[in-house]
Amino acid sequence: MNLRIDKWLWAVRIFKTRTEASEACRKGRVLVNDVQVKPSREVKIGDEITVKRPPVSYVYRVTGLVENRQPAKNVPLYAENITPQEELDMLKVQKGTLFVQRDRGSGRPTKKERRDIDKVMEN
C-alpha cells in the first residue's frame, strides 16, 4: 500500500486538515528519517517522522498505514509518539511564561498595553 505523508499525518490526527499537513511539508517542518520531505513522499512502517511545531519538535514512529482519518482512540495503532521528554518539558516552560498578570477589574488593555503584551509574547 502506497500512502502519502500528508495523508498519514492527517489520518493520525497530527494535523487538523490535510492542507495543513501539506503546507507543513512544503515549509520544511516535516522530516522523515531526518530528511525534509514533500507532501507526496510515501510513508513506510518503521519510519521516524519529526514534526516541528515551535517551540517543540515532536517525533513519531509509523506503526501502521491508514488512509482514512481515525478516531483518537485508534491513533496508537498507527503512530507511536517517541518525542523526548526534554522537548515536552520545553512546552511546559513556554506555557508558564506566556501568562500576563493583570489586576482584576482593570478592564481591557489599552492600545499601548496591548503592544507591550504582544512584544513580550514575541520574545
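At what distance in nm do the modelled label points of Asn68 and Arg29 sit from each other, each positioned 7 Å from its Cα along Cα→Cβ?
2.8
Quote the charge dipole size of the chain about the Cα centre in Debye, to the nearest 20; the model charges only the Cβ of Lys and Arg (+1) and of Asp and Glu (-1).
For this selection, approximately 660 debye.
Of the listed pairs Lys16/Lys44; Lys16/Lys73; Lys27/Lys119; Lys44/Lys73, which have alpha-carbon separations greater than 18 Å here?
Lys16/Lys44; Lys27/Lys119; Lys44/Lys73
Under the rule of -39500 (n - 2.57) per DSSP H run of 4 or more residues, summed and divided by the residues of the chain, what mean residue ellipticity at 222 nm is obtained, to the nearest 500 deg cm²/dmol?
Helices in the chain give a 222 nm mean residue ellipticity of -10000 deg cm²/dmol.
Which residue, Ser22, Ser57, Ser106, tops the fluctuation ranking in a GNM of the chain built on C-alpha contacts under 10 Å?
Top of the fluctuation ranking is Ser106.
Under 10 Å, Cα contacts only: if you run a Gaussian network model on the chain, which one of Glu86, Glu67, Glu113 comes out with the highest mean-square fluctuation?
Most flexible of the set in this elastic network: Glu113.
Using the Karplus equation 6.51 cos²θ - 1.76 cosθ + 1.60 (θ = phi - 60°), what ³J(HN,Hα) coupling, rounded to whole Hz, does each residue of the range 111-120 give in order, writing x for Gly and Pro?
Taking θ as phi minus 60°, the curve returns 4, 5, 4, 4, 4, 4, 4, 4, 4, 5 Hz for the range 111-120.
In a GNM of the chain with a 10 Å cut-off on Cα contacts, which of Gly46, Gly105, Gly28 has the highest mean-square fluctuation?
Gly105
Count the net charge of all other residues whose Cβ sits under 15 Å from the Cβ of Pro84, scoring Lys and Arg as +1 and Asp and Glu as -1.
Result for the local shell: -2.
Counting just the Cα atoms, what span does the range 1-83 cover along each of its three principal axes? Round to the nearest Å and put the largest first.
Its Cα atoms span 27, 24, 23 Å along the three principal axes.
Since every read-out is calculated from the coordinates, none of them should be taken as a lab result. Please read these numbers as outputs of a predicted model, since none were measured by experiment. Note: ideal-geometry Cβ built from the backbone for every residue, glycine included; neighbour counts use all protein chains shown.
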